Amino acid sequence: MATFKDFRNKVKPNWCPGCGDFSVLAAMQRAFANLGLEPHDVAVVSGIGCSGRISGYVNAYGLHGVHGRALPIAQGLKLANRDLTVVAAGGDGDGFAIGMGHTVHSIRRNVDITYIVMDNQVYGLTKGQTSPRSEMGFKTKSTPSGSIESAIHPMEMALTVGAGFVAQSVSSDLKQLTHVIEEGIKHKGFSLINVYSPCVTYNKVNTYDWFKENLVNLDNDENYDASNRSMAMQKLMEHHGLVTGIIYQNKERKSYEEMIKGFKEEPLAKQDLMLDREHFDKLVAEFA
Amino acid sequence: MVKQLSWKVGGQQGEGIDSAGETLSTALNRKGYYLYGYRHFSSRIKGGHSNTKIRISTSPVRSISDELDILVAFDQETIDLNAHELIADGVILADAKFNPTVPEGVTAHLLAVPFTKIAEEVGMAQMKNMVAVGASIALLGLSVDAFKEVIEERFARKGQKVVDKNMEAITKGHEYVQEQIGNTITKFRLDPSDGKKRLYMIGNDAIALGAVAAGARLMAAYPITPSSEIMEYLIKKLPELGGTVVQTEDEIAAMTMVIGANYGGVRALTASAGPGLSLMTEAIGLAGMTETPAVIVNTQRGGPSTGLPTKQEQSDVLAMLYSTHGEIPKIVLAPSTVEECFYDTIQAFNLAEQYQCPVIILSDLALSLGKQTVNPLDYDRIEIKRGKLVDWNEELPPLENSQLFPRYEFTEDGISRRVLPGKKDGLHHVTGVEHDETGRPSENPLNRKRMMDKRLSKLSNGIDFDTPVFLDAQHDEADLLIVGFNSTRGTITEAKERLEAEGLKVNHAHIRQILPFPTEIMQQQIQKAKKVLVVENNATGQLTNLIKMHVGFAEKLVHYGKYDGNPFLPSEIYKQCKELLVHGHI
Ligand SMILES: Cc1ncc(C[n+]2csc(CCOP(=O)(O)OP(=O)(O)O)c2C)c(N)n1
Ligand code: SF4
Ligand SMILES: [Mg+2]
C-alpha cells in the first residue's frame with residue numbers, strides 16, 4: 001500500500017520558503033495515502049498561479065492547464081474515467097476571478113471531484129495584485145490606494161448555488177486540512193475546499209498570525225451541525241466567513257455521474273469504440 | 001415531364017413551413033429522387049419571413065438552383081420577396097385567404113388555393129401546410145400514396161386520427177389543384193426516379209453520426225447556430241452507448257472539458273461557430289502544447305461578432321489556422337458534402353489520436369444545415385486508429401524511485417507513446433508550460449527547441465487523410481481552374497458543367513484538408529491552368545491568400561467573394577468564370 005511518501009516526487013517546489021502551499025501539498029499527499037489510493041489512481045488538475053504548480057509536485061497523474069480552467073478539465077477527465085480520484089486545485093484568482101463561472105457551474109453540475117482553492121487573498125505569481133478575495137481597502141500593486149471592490153465570500157456563495165460539500169481550512173493546521181481533503185474526496189459529488197494559504201511575500205495582512213487570531217474552528221463546536229444549511233450560512237455570516245472545518249455536507253444529493261441516464265459503471269475510457277453493425281444500421285435508418 | 005425542378009415554400013416563421021418542406025422532401029427522397037434543400041431563416045423563433053427551397057432531381061444535385069419553378073406562399077410577403085425568382089411560366093400556389101396578387105413584371109401563373117379553408121374543413125387550420133403539400137404534388141404529377149408512410153411516421157405519436165386528418169388534408173389539396181388544372185399545366189410532372197434507397201440528412205446530422213461511429217462518447221458544448229443540431233443529436237444517442245453530452249457554461253468550459261476527457265482517454269468533441277471558436281482559442285493551444293487529441297467542429301456563419309448568425313459565410317479559415325497564440329501542430333479538415341461530413345469526422349477522431357493534436361472540422365452553414373440526398377453510408381469504411389496509445393492491457397516496465405514515463409519522448413516521427421491516467425507505471429506530467437520528455441517544466445533552450453521541433457514535425461510529412469483535395473480535373477491544359485472549399489462544391493460543379501458544355505476546358509479543385517496545406521497538389525493544378533478563380537464566401541479572400549502564401553502564382557489567382565449572407569448560385573459562378581476568361585479579370 002502506498003504511503004504519503006509515494007506521492008512525493010523529486011521536483012523541488014519553486015514556492016517561496018514559508019508559502020502556505022507547501023502544507024496543502026503535504027496534506028493532499030497524506031490524504032491520498034490515508035484513503036488507500038495508489039499514485040496511478042489519482043489525477044491532480046491545476047490552474048495557473050503559484051498554487052497551480054502543485055500538480056507537478058505530486059507523484060500522481062495530473063494536468064497543469066490554463067489560467068482559470070482547472071475545473072472543466074477535471075470534470076472532463078472524471079467523466080472519461082470515473083475510476084480515477086480527480087482533484088482540481090488552484091489559486092483564488094484562478095477559481096474566483098477568471099474561473100468563477102466554472103466554479104459556480106461545477107457546483108451546480110456536481111461531478112464527483114474535489115476542488116481545493118489555495119486562497120492567499122492576492123495574486124502571487126504575477127507579483128502581488130489584488131484578488132477577488134482581497135478585502136476592501138487591501139493595498140496592492142494594482143490597488144495602491146486600497147481595493148474599492150468588495151471581496152467574494154466563497155463559502156456563502158457555494159451554499160447559495162447548492163453545493164453538497166463545503167469546507168475550509170488553513171495551512172497551519174495540517175491535521176484538519178488533511179481531514180477535510182479526505183472527507184472531500186470521499187464525498188460523492190463536487191466538494192469545495194477553500195484553504196487559507198498565506199502568501200508570505202505579497203500579503204502582509206493575512207498572515208499566519210492573523211489567521212491564528214481570527215479563525216474559528218468548527219471542529220471545537222459540539223453544537224455545530226454540518227448537515228444544517230441555514231446554520232452553516234449563519235455561522236459564516238457571524239464570523240465573516242472566517243471559520244474552518246466541514247461547514248456543510250449534503251449526503252443525499254446524487255452526483256452528476258449517478259444522474260446521467262445510461263452512464264455506465266465501467267469508465268468511458270475503457271469501453272470499446274467500435275459501434276456494432278446492427279446499431280449503426282438502426283441509426284442510419286432514421287435518416288431514410 | 002422534367003428531370004429536375006425547384007420548389008419553394010414561404011411564410012412567417014412558425015407557420016409550418018419547415019414541416020411542409022420536410023414532408024415533401026422526405027417522401028420524394030424515399031421514392032428515389034435526389035434532393036437539395038436550403039432554409040432561409042432569421043434568428044427569430046416566430047414571425048419574420050422564412051422559406052425553404054428544395055431542388056428535386058432524377059440525378060445527384062448538390063446546390064440550390066438559380067431558378068424557381070413552383071412557389072408556395074402562405075402570405076403576400078412571400079410572393080413579393082420571391083416571385084422574381086420564378087421562371088416565366090412558373091406557378092405560384094398561394095392561400096386564397098389573403099387574396100394573393102402577382103407583382104408587376106412577374107409572368108408566372110397564380111393559382112389561389114384555399115389552403116386554410118380546406119384545412120379548416122378537414123379539422124384544423126394548422127394543417128394548411130399539408131394542403132399545400134398536396135397541391136404541390138398535383139403539379140408534380142405524383143400520387144398522394146407516396147406520403148402515407150411519411151405522414152404515419154411523423155404523426156404516429158399523436159394518434160391515428162391525426163395521421164388520417166393530415167392525409168386527408170394532403171388528398172384534398174391534391175384534388176383541388178388537379179381539378180383546377182386538369183391537363184393544362186403538365187410541364188412540372190417529374191420523370192420517374194430510379195427508386196433507389198438513399199438517406200436524407202443535413203451536414204450536422206452526418207457529423208454527429210460520424211462522431212458516434214468514430215467512438216466518441218462525450219461531447220461538451222454550448223448552444224449556437226448553426227451547430228446545435230450536433231449536440232441535440234448526440235444527447236439523444238450517446239446515453240444508449242453509455243456516454244453523454246454536457247451543456248457547459250460557455251465554450252471555454254466546453255473546450256477544456258474536451259481536453260480533460262481526451263486526456264482521460266475517451267474520444268470527446270465540441271462543436272460551435274465563430275463566436276465560440278474565438279473563446280476556445282487559448283484552450284486549443286493547450287491541446288497542441290500538451291499533445292492531447294481533441295476534435296472541434298466549427299460550423300461557420302456570418303461574422304464578425306454576431307454578424308449574420310443564420311446566414312452563410314466562409315470567413316473563419318485564417319482564424320482556424322492562426323488564432324491560437326504561439327505555434328502548435330493542428331489539423332483543419334473541410335468536408336464538402338454531407339457524405340464527407342460523416343467520413344471526415346471519423347477520420348478527424350483518428351487523426352487527433354494518431355498525431356496527438358487538435359483537429360478542427362470546418363464546415364459552413366449551407367453544408368451544416370442544407371439537407372441533401374446522401375448515398376448509403378458504408379459501415380465497412382469505419383476504421384478506428386488510435387495511434388501510439390498504450391493499451392490498457394499492456395504491461396509497462398515498473399517506474400522506480402519517482403521515475404516518470406517518457407510521455408513526450410523524442411522519436412523519429414515526433415510522435416510519442418501516450419499513456420492514459422489510471423495506468424500503472426505510466427505516471428508523467430502534463431503541462432502547458434514548456435516541458436521535457438517526462439512532461440516536467442523546463443526552460444532549457446536546447447530542450448525548448450527540440451520540443452518545438454518534435455511537436456511541429458508530427459505533421460510535416462503529410463498526414464493520413466484520404467483526400468486532401470477533391471479533384472474534378474481532366475484537363476492537362478485547362479483554360480480555367482475553379483477552387484473552393486466546403487459547401488460550394490456542387491455549385492462549382494454545376495458552373496463547370498455549363499462552361500464545359502460550351503467547349504471550355506475547366507478543372508475543379510475543392511480543398512478538403514486546409515492544414516497541413518496540400519501545397520503540392522495545388523501547385524500541380526494551378527500550373528495546369530491558364531487562369532484560376534478562387535470562390536469563397538468571404539470578403540478578403542482568405543483561401544486565395546492562403547494559396548498565394550503556400551503555392552505562389554499571385555498573378556494568376558483571382559478571388560471571387562460573396563458575403564451578403566447567401567450561398568453562391570451556379571449562374572453567379574458561371575458568369576464570373578466567363579468574365580475572367582473573356583476579360584482577364586472580374
Ligand atoms: C489568460 C491569462 N491571463 C493572465 C495570466 C497571468 N496570470 C497567471 S497567474 C495569475 C493570477 C494568479 O493568482 P492566483 O490564482 O490567486 O494564484 P496564486 O499565484 O496566488 O497562487 C495571472 C493573472 C495568465 N496566465 N493567463
Ligand atoms: S509569491 Fe506568495 S504564493 Fe507565490 S510562492 Fe511566494 S509565498 Fe507562495
Ligand atoms: Mg492567490
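The values are calculated or read from the model by the stated rules, or taken from the named source; none is laboratory data. Quantities reported herein were computed from a predicted structural model and do not represent experimental measurements. When we count neighbours, we look across all protein chains shown, and the Cβ atoms used for this are built from the backbone with ideal geometry, even at glycine.
Annotations
- Unique residue being within 16 Å of ligand 1 (Cβ to nearest atom), buried (at least 16 other Cβ atoms within 10 Å of the Cβ), modelled with pLDDT of 95 or more and closer than 26 Å to A:Leu159 by Cα when the list is A:Ile181, A:Ile247, A:Ile185, A:Ile193: A:Ile193
- Yes/no for A:Val87 being within 21 Å of A:Tyr196 (Cα to Cα), under 13 Å from the mean Cα position of the chain (by Cα) and of a type in the set (Val, Ile, Thr): yes
- Those strands (runs of 3 or more DSSP E) of the stretch B:193-250 in which 1 or more residues are in contact with a Cys (Cβ under 9 Å, 6 or more places away or on another chain) occupy B:199-202.
- Test: A:Ile181 is away from ligand 2 (no atom under 16 Å from the Cβ), touching a strand residue (DSSP E or B) at 6+ places or on another chain (Cβ under 6 Å) and among the β-branched types (Val, Ile, Thr): no
- Being more than 20 Å from A:Glu258 (Cα to Cα) and either more than 11 Å from chain A (Cβ to nearest Cβ) or in contact (Cβ under 8 Å) with a residue 60 or more places away in the chain (or both) is a condition met by at least one residue of the stretch B:232-251.
Listed here are the residues, each with its yes/no results for (1) under 30 Å from B:Arg30 (Cα atoms); (2) of a type in the set (A, V, I, L, M, F, W, C); (3) at pLDDT 95 or above; (4) out of contact with any Lys or Arg (no Cβ under 7 Å at 6 or more places or on another chain).
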| site | (1), (2), (3), (4) |
| --- | --- |
| B:Ser368 | yes, no, yes, yes |
| B:Arg386 | no, no, yes, yes |
| B:Phe410 | no, yes, yes, no |
| B:Pro421 | no, no, yes, yes |
| B:Asp425 | no, no, yes, yes |
| B:Gly432 | no, no, yes, yes |
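- Members of the stretch A:217-241 found to be exposed (fewer than 15 other Cβ atoms within 10 Å of the Cβ) and aliphatic (A, V, I, L, M), listed by number: A:Met237
- Among the numbered conditions (1) within 16 Å of ligand 3 (Cβ to nearest atom); (2) surrounded by 24 or more Cβ atoms within 10 Å (Cβ to Cβ); (3) not hydrophobic (A, V, I, L, M, F, W, C), the only one that A:Asn14 does not meet is (2).
- Unmet criterion (only one of (1) within 10 Å of ligand 1 (Cβ to nearest atom); (2) part of a helix (DSSP H, G or I); (3) within 7 Å of chain B (Cβ to nearest Cβ)) for A:Leu79: (1)
Yes/no matrix, rows are residues, columns are (1) at pLDDT below 95; (2) not in a strand (DSSP E or B):
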{"position": "B:Gly47", "(1), (2)": "yes, yes"}
{"position": "B:Ser65", "(1), (2)": "yes, yes"}
{"position": "B:Ala94", "(1), (2)": "no, no"}
{"position": "B:Gly105", "(1), (2)": "yes, yes"}
{"position": "B:Leu111", "(1), (2)": "no, no"}
{"position": "B:Lys117", "(1), (2)": "no, yes"}
{"position": "B:Glu120", "(1), (2)": "no, yes"}
{"position": "B:Gly134", "(1), (2)": "no, yes"}
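- Flag if B:Gly203 is more than 8 Å from chain A (Cβ to nearest Cβ), surrounded by 24 or more Cβ atoms within 10 Å (Cβ to Cβ) and not charged (D, E, K, R): yes
- Filtering the stretch A:79-120 to residues that are within 13 Å of ligand 3 (Cβ to nearest atom) and surrounded by fewer than 24 Cβ atoms within 10 Å (Cβ to Cβ) leaves A:Ala97, A:Ile98.
- Hits in the stretch A:264-288 - residues which are facing chain B (nearest Cβ under 7 Å) and either of a type in the set (S, T, N, Q) or free of Cβ contacts under 8 Å to residues at least 12 places away in the same chain (or both): A:Lys264, A:Gln271, A:Leu273, A:Met274, A:Leu275, A:Arg277, A:Phe280, A:Leu283, A:Val284, A:Phe287, A:Ala288
- Subset of the stretch A:86-125 that is near ligand 1 (Cβ under 6 Å from one of its atoms) and part of a loop (DSSP other than H, G, I, E, B) - its residue that is farthest from the other protein chains (Cβ to nearest Cβ): A:Asn120
- B:Glu383 within 14 Å of chain A (Cβ to nearest Cβ), among the charged types (D, E, K, R) and assigned to a loop (DSSP other than H, G, I, E, B): yes
Residue by residue, here is whether (1) among the acidic types (Asp, Glu); (2) more than 17 Å from B:Ala478 (Cβ to Cβ) holds:
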| position | (1), (2) |
| --- | --- |
| B:Phe517 | no, yes |
| B:Glu536 | yes, yes |
| B:Gln542 | no, yes |
| B:Leu546 | no, yes |
| B:Tyr563 | no, yes |
| B:Glu572 | yes, yes |
| B:Lys578 | no, no |
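- Unmet requirement for A:Val170, which otherwise passes all of (1) within 16 Å of ligand 3 (Cβ to nearest atom); (2) under 13 Å from the mean Cα position of the chain (by Cα); (3) of a type in the set (A, V, I, L, M, F, W, C); (4) away from chain B (no Cβ under 13 Å): (2)
- Every residue from the stretch A:19-65 that is away from chain B (no Cβ under 12 Å), away from ligand 2 (no atom under 16 Å from the Cβ) and aromatic (Phe, Trp, Tyr): A:Phe32
- Filtering the stretch B:1-46 to residues that are farther than 28 Å from B:Thr306 by Cα, of a type in the set (Ser, Thr, Tyr) and touching a Gly at 6+ places or on another chain (Cβ under 7 Å) leaves only B:Ser25.
- Residues (more than 19 Å from B:Val113 (Cα to Cα) and touching a strand residue (DSSP E or B) at 6+ places or on another chain (Cβ under 9 Å)) located in the stretch B:85-101: B:Glu85, B:Ile87
- Counting only residues that are away from ligand 1 (no atom under 14 Å from the Cβ) and assigned to a helix (DSSP H, G or I), the stretch A:24-71 holds 12 of them.
- Evaluation of A:Phe7 against (1) under 17 Å from B:His429 (Cβ atoms); (2) without any contact (Cβ under 8 Å) to a residue 60 or more places away in the chain; (3) within 16 Å of ligand 2 (Cβ to nearest atom) (one fails), failing number: (3)
- Qualifying residue in the stretch B:147-170 (condition: part of a loop (DSSP other than H, G, I, E, B), more than 12 Å from every other protein chain (Cβ to nearest Cβ) and buried (at least 18 other Cβ atoms within 10 Å of the Cβ)): no
- Residue in the stretch A:201-216 that is more than 30 Å from B:Asn375 (Cβ to Cβ), loosely packed, with under 15 Cβ neighbours inside 10 Å, within 14 Å of chain B (Cβ to nearest Cβ) and more than 16 Å from ligand 1 (Cβ to nearest atom) present: no
- Qualifying residue in the stretch A:55-74 (condition: within 12 Å of ligand 3 (Cβ to nearest atom), surrounded by fewer than 24 Cβ atoms within 10 Å (Cβ to Cβ) and either closer than 23 Å to B:Glu291 by Cβ or modelled with pLDDT of 95 or more (or both)): yes
- Taken over the stretch B:260-283, the criterion of being within 12 Å of chain A (Cβ to nearest Cβ) and surrounded by fewer than 24 Cβ atoms within 10 Å (Cβ to Cβ) is satisfied by B:Leu279, B:Thr281, B:Glu282.
- B:Lys449 under 22 Å from B:Gln300 (Cβ atoms), outside any strand (DSSP E or B), free of Cβ contacts under 8 Å to residues at least 60 places away in the same chain and basic (Lys, Arg): no
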